[in-house]
Amino acid sequence: DGKNDKFTPYPVGIKSYNYFRVFNRWGQLIFSTPRLHDGWDGKISGREQPAGVYVWMIEGITKDNKVITKKGTVTLI
């Protein structure tokens, strides 16, 4: 249906990313980008990944040049 097809952070007050990363439950890096508004589509090398909980981390630069780091989890259904 075109809704929620990518996990994409929407940073408020962030001018750029140093990184946005997604890891599987074994700690394997499965997605990484430094580009704003780029998101993970639930796949690795074009292959859909199993439903489950994935860890994300993001580090960005604010408009006043402060470094902000956040992390959390997302559930892939």
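How do 61-67, 28-34 rank on mean C-beta neighbours within 10 Å, highest first?
Ranked from most to least packed, the peptides come out as 28-34, 61-67.
For the chain, what relative contact order do you get, as a whole percent, if you take Cα pairs closer than 8 Å and at least 6 residues apart? Don't skip to the end; give the middle numbers.
Values: 138 pairs, mean separation 24.8, N = 77.
Relative contact order for the chain comes out at 32 percent.
If I model a spin label as a point 7 Å beyond the Cα along the Cα-Cβ vector, how far apart are those points for K43 and I77 in nm?
2.1
Pull out the extension gain between E59 and N18, defined as 0.36 nm times the separation in residues minus the alpha carbon to alpha carbon distance; nm, one decimal.
14.2 nm
Counting Lys and Arg as +1 and Asp and Glu as -1, what is the net charge of the other residues whose Cβ lies under 13 Å from the Cβ of R35?
With Lys, Arg at +1 and Asp, Glu at -1, the neighbours total +2.
Report the trypsin sites (Lys or Arg not before Pro) located in region 11-56 that are in a DSSP loop and have at most 10 other Cβ atoms inside 10 Å of their Cβ, or state none.
Those that pass, being in a loop and sparsely packed, are R35.
How much of the accessible area of the chain, probe 1.4 Å, is carbon plus sulfur, in whole percent?
51
The values are calculated or read from the model by the stated rules, or taken from the named source; none is laboratory data. These figures come from a predicted structure and were not determined experimentally. All Cβ positions, even for glycine, are placed from backbone atoms using ideal geometry, and neighbour counts span all protein chains on display. With ligands, DNA and RNA removed, areas are computed over all heavy atoms of the protein, side chains included. Shrake-Rupley method; radii C 1.70, N 1.55, O 1.52, S 1.80 Å.
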